[in-house]
Amino acid sequence: MNLPRRILTGVITASALLAAAAVQAQGYPNRPIALVVPFAAGGPTDVVARMLAVPLGKSLGTTVVVENTLGAGGTIAANRVARATPDGYTIFIHHMGMATAPALYRKLPFDPLKDFEYIGQVVDVPMTLLARKDFPPNNLKELITYLRANREKVMLANAGLGAVSHLCGMLFQSTIGVDLTTVPYKGTGPAMTDLIGGQVDVLCDQTTQTVPIIKDNRVKVYGVTTTKRLAGLPNIPTLDEQGMKGFEVKVWHGLYAPKNTPKDALDKLNKALRDALNDPVIRQRMAELSSDIPPMDKITPEGLRTHLEAEIAKWGPVIRKAGVYAD
Ligand code: ASP
């Protein structure tokens, strides 16, 4: 077939570009990838990250190295990733703190909707309201009475403003009308250590950390923050059924990369995320930790971005009404 020269040239150029892209795509990844976790090792977010790092790496054909960057309720890590080189070798797991930060931090150094690329949603994790083992109240009703009578003495632990333990604690306090002394940590990993050790009194934390601790009977449990009981913790009532109608905090997580990360890298990262969340070992472990993996067709960049936008719109008014600011 004799094609006119100009068409032939166009075909050759397009093929060359496609080949270059394919080579670039084949080239990625060719070294380890950093998975940034915004809270201390051992905490609920870190547990999810370290669980996923292996199957993510398997799917990508490289090593995924978890790096904990701490502080300011996850915003220091988010800012680090927002400014990282957009080459596909820095990715970021964060929870709904990505949506609450714009209302909590009036001078946020990054924009969750402008400074990131979106890989996909990861897992939804319920929370549990806990106390140290020897805390006097034995049920939610007794806890509320006790907190109202001892508000100056009780210490509520959390992982800093922007953490979900802070959000859960804030909603719980405003619901029962008390204002407790809060003790901030750089993650609920260290906070849990002090709760078990008796140095602090109360903590609201995610089941990806708390399920094994509850099953080992190392803390006191007053309820779960879902509207239905958890299959993995069937004997623990919800806060809702104990009278705190509509009290619900379920912690969604997203996987992100810096803005302008190349599309071929993002496509490979999204596939790796879906491969990891389809892994039967991961699905079994997440179920044991009472955590829900979203349907596969929801684990998309558009799905995460749309969800983040909606969550920013939802939590902004709640936080502003509570009058809580980090700066
Ligand atoms: N998810 C945080 C952590 O892993 C805790 C929090 O946000 O409350 O430490």
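Going 7 Å from the Cα of residue 134 toward and past its Cβ, which residues in region 196-219 have a backbone nitrogen under 18 Å from where you end up?
Answer for region 196-219: 196-203, 217-219.
HN-Hα J couplings of region 148-153 from phi, Karplus 6.51/-1.76/1.60, θ = phi - 60°, integer Hz, Gly and Pro as x?
Here the 3J(HN,Hα) series is 5, 8, 10, 4, 6, 8 Hz.
Calculate how steeply helix 164-176 sits against the longest principal axis of the alpha-carbon atoms of the chain, using the helix alpha-carbon long axis, and give the answer as 0 to 90 degrees to the nearest 10.
Rounded to the nearest ten degrees, it is 40.
Show which aspartates and glutamates lie in cross-link reach of residue 250 when reach means a straight Cα distance below 15 angstrom and same-chain residues fewer than eight apart are skipped.
124, 205, 240, 292, 311
Which residues' amide hydrogens lie under 5 Å from the amide hydrogen of residue 238, considering only partners 5 or more residues apart or on another chain, with H built in the peptide plane?
Amide H to amide H, under 5 Å and 5 or more residues apart or across chains, residue 238 pairs with 224.
Using modelled amide H (1.01 Å from N, peptide plane; none on Pro or chain starts), what sits under 5 Å from the amide H of residue 68, excluding residues fewer than 5 places away?
Residues meeting the criterion, in which the H sits 1.01 Å from N, are 37.
From the helices alone, meaning DSSP H stretches of at least four residues, give me the mean residue ellipticity at 222 nm for the chain, per-run term -39500 (n - 2.57), in deg cm²/dmol to the nearest 500.
-14000 deg cm²/dmol
For a quick protection proxy, order the peptides 196-208, 126-138 by their average other-Cβ count within 10 Å, most packed first.
Top to bottom by mean Cβ count within 10 Å: 196-208, 126-138.
What angle, in degrees between 0 and 90 and rounded to the nearest 10, separates the Cα long axis of helix 5-27 from the longest principal axis of the Cα atoms of the chain?
40
Check which residues have an amide H placed less than 5 Å from residue 183's amide H, if you skip close sequence neighbours.
156, 157, 158
Go through region 232-243 residue by residue and turn each phi into a ³J(HN,Hα) via Karplus (6.51, -1.76, 1.60, θ = phi - 60°); whole Hz please, and just put x for glycine and proline.
x, 9, x, 8, 9, x, 7, 5, 4, 6, 8, x
Which pairs in the list 107/220; 133/314; 114/186; 186/314; 107/314; 153/321 are over 29 Å apart, alpha-carbon to alpha-carbon? Show your work: numbers first, answer last.
Details: 107/220 38 Å; 133/314 35 Å; 114/186 26 Å; 186/314 25 Å; 107/314 20 Å; 153/321 26 Å.
Check vs 29 Å cut-off fails for 107/220; 133/314.
By how many degrees, between 0 and 90 and to the nearest 10, does the Cα long axis of helix 263-278 differ from the longest principal axis of the chain?
Compared with the principal axis, the helix lies near 50 degrees.
No value in this document is a laboratory result; all are computed from the given coordinates. It should be emphasised that the depicted structure is a prediction, and the values quoted were computed from it without experimental measurement. Please note: Cβ atoms are built from the backbone with ideal geometry, for glycine as well, and neighbour counts cover all protein chains shown.
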